[in-house]
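Read the structure below first, then the notes.
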Amino acid sequence: MPVRRLEPSHKRALLDRFLRYVAVDTRSDDNAECFPSTEKQKDLSRILVAELLELGCADAAMDAWGYVTATVPGNLPPDHPAAGKVPVLGFIAHLDTYYGTPGADVKPQVIAPYQGGDIVLPGDPSQTLTASGNPLLAQCVGHTLVTTDGTTLLGADDKAGIAEIMTLVAWLKDHSEVLHGDLRIGFTPDEEVGRGTEHFDVAAFGAAYAYTLDGSVVGEVEDETFCADTAILTITGHDVHPGYAKGIMVNAVRVASAIVGAIPADRLPETTEGREPYLHAFAFTGDVTHAEVKFLVRAFSEEELHEREEVLRSVASEVEGRFPGAKVRMEVKESYRNMALKIAETPQVLDHALEAVTRQGITPIRRAIRGGTDGARLSFMGLPTPNLFAGGQNFHSVQEWVSLEWMTAATEVCVQLLDIWVEKA
């Protein structure tokens with residue numbers, strides 16, 4: 001199979017799409033109970049539906065939940081040896097951006113070409129992308145880079161993935177000689193709040209296998225995620241006028257602070273890496289009478305996950321005992337599980353991805369995600385869905401950046417994947 005390359009016109013269109021998409025504020029809301037958690041995510045959904053219709057996807061539509069789906073019909077001739085044998089493939093990315101960092105009025109900085117060294121972010125001179133703090137920049141000398149201005153996130157997570165999938169659709173429209181089976185396109189809301197597949201209809205989507213484009217550095221193929229739970233600690237105290245509080249007041253804010261402070265230092269996200277699990281206090285609300293702390297619990301096995309939950313439960317119990325009259329209640333909500341178990345049942349979906357990266361002349365990096373994607377839940381819903389690189393760095397940060405060359409490579413790997421699925425069929 002030949003190495004696949006985007007023409008300069010498609011590469012420019014890829015950049016234009018990305019810049020257009022990041023201009024739309026699609027932050028989700030971790031505290032909302034509705035779906036999607038923010039209606040503004042549908043603003044991008046509508047744009048994508050219109051563009052997919054223009055690209056010839058006649059069934060492109062947004063449903064009531066904000067999901068966008070579309071079909072790129074296969075073009076295998078009836079007498080082709082693979083006709084009727086190529087499974088329907090899905091390509092999926094998420095619409096929303098991280099809720100914890102400003103995401104409105106994004107002002108991208110395009111650097112073409114990047115000459116090396118530190119990059120000052122113009123919106124906030126105190127924010128600098130240093131070459132020492134971002135060693136992957138050394139691989140991107142000569143690339144076109146897109147950065148934030150230092151005041152908002154960029155939205156490469158996951159608008160880079162969206163732009164790459166849309167460019168794949170456009171490239172196939174211009175290259176009818178490239179044979180492929182039916183493709184299903186899917187864009188999901190609320191991935192960042194762990195609800196991206198809550199209303200996703202796997203049967204209606206109709207793919208046998210899928211790939212999310214929600215990874216990072218060039219060459220990554222990810223077939224493992226964390227097992228993930230959310231632990232919610234509810235603390236009840238007792239309020240009274242502080243002037244007369246001695247022996248009476250039970251301050252829920254102090255209890256909550258003591259619990260967070262008592263988490264062992266080696267169990268935190270900022271002190272762990274690789275396959276090490278963690279506990280992460282990420283949200284706090286409350287007053288003297290009532291406080292709530294939310295923890296992310298993450299591990300690659302359920303055994304380690306439950307061990308971390310027991311650590312948290314033990315800490316909460318010990319602190320509760322230090323504050324007579326305080327009541328601490330812990331609730332655990334399941335988020336997702338390690339998709340490796342399901343991917344292993346259909347190894348070809350991973351093997352083909354690794355081969356596609358290799359055929360493009362890129363060294364594949366098989367990696368476990370210290371996080372999760374829609375693919376984790378989809379895999380357990382019957383749609384095996386490993387994750388491919390999309391090119392972005394520093395996700396969720398005002399120092400987020402992406403390489404256009406890595407985004408281009410992601411689209412080219414997707415084309416190579418289509419070749420392989422036809423060949424193997």
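Out of A281, A245, A265, A256, I need the residue that is without any contact (Cβ under 8 Å) to a residue 40 or more places away in the chain, out of contact with any His (no Cβ under 7 Å at 6 or more places or on another chain) and exposed (fewer than 14 other Cβ atoms within 10 Å of the Cβ). Which one?
On the way: A281 fails: exposed (fewer than 14 other Cβ atoms within 10 Å of the Cβ); A245 fails: exposed (fewer than 14 other Cβ atoms within 10 Å of the Cβ); A256 fails: exposed (fewer than 14 other Cβ atoms within 10 Å of the Cβ).
That would be A265, the only listed residue that is without any contact (Cβ under 8 Å) to a residue 40 or more places away in the chain, out of contact with any His (no Cβ under 7 Å at 6 or more places or on another chain) and exposed (fewer than 14 other Cβ atoms within 10 Å of the Cβ).
If you check R20 against the conditions, is it under 16 Å from the mean Cα position of the chain (by Cα) and at pLDDT 95 or above? The answer is no for R20.
The helices (runs of 4 or more DSSP H) falling completely within the range 242-355 that include 2 or more residues that are among the small types (G, A, S) map to 252-262, 302-322.
Among residues of the range 401-425 that are more than 26 Å from A82 (Cβ to Cβ), those with a beta-carbon under 9 Å from a residue that is part of a helix (DSSP H, G or I) and basic (K, R) at least six positions away or on a different chain give the pairs L404/K11; E405/K11; M407/K11; T408/K11.
Take the residues in the range 13-39 that are part of a loop (DSSP other than H, G, I, E, B) and among the hydroxyl-bearing types (S, T, Y), then tell me which one is surrounded by the most Cβ atoms within 10 Å (Cβ to Cβ).
Checked the range 13-39; the qualifying residue surrounded by the most Cβ atoms within 10 Å (Cβ to Cβ) is T26.
Could you list, in sequence order, the residues of the range 146-185 that are small (G, A, S) and surrounded by 24 or more Cβ atoms within 10 Å (Cβ to Cβ)?
G155, A156, A160, G161, A163
Filtered by the rule that a residue be out of contact with any strand residue (DSSP E or B) (no Cβ under 9 Å at 6 or more places or on another chain) and assigned to a strand (DSSP E or B), the range 227-241 gives no residues. Residue pairs whose Cβ atoms lie under 6 Å apart, separated by 6 or more positions or on different chains, with the first residue in the range 2-27 and closer than 18 Å to T188 by Cα and the second β-branched (V, I, T), are Y21/I162; V22/V106; T26/T97; R27/T97. Residues in the range 33-55 that are free of Cβ contacts under 8 Å to residues at least 24 places away in the same chain and either touching a helix residue (DSSP H, G or I) at 6+ places or on another chain (Cβ under 6 Å) or not charged (D, E, K, R) (or both): C34, V49, A50, L53.
Does K85 satisfy the condition of being in a helix (DSSP H, G or I), modelled with pLDDT of 95 or more and either of a type outside the set (D, E) or over 27 Å from L383 (Cα atoms) (or both)? First the steps, then the outcome.
On the way: in a helix (DSSP H, G or I): no; modelled with pLDDT of 95 or more: yes; either of a type outside the set (D, E) or over 27 Å from L383 (Cα atoms) (or both): yes.
The answer is no for K85.
Checking each residue in the range 208-222 for being under 15 Å from N387 (Cβ atoms) and either of a type in the set (S, T, Y) or in contact with a Gly (Cβ under 9 Å, 6 or more places away or on another chain) (or both) picks out Y209, A210, Y211, T212, L213, D214, G215, S216, V217, V218, V221, E222.
The values are calculated or read from the model by the stated rules, or taken from the named source; none is laboratory data. Computed from a predicted structure; not experimentally measured. For neighbour counting, all protein chains shown are included, and Cβ atoms are generated from backbone atoms with ideal geometry for every residue, glycine included.
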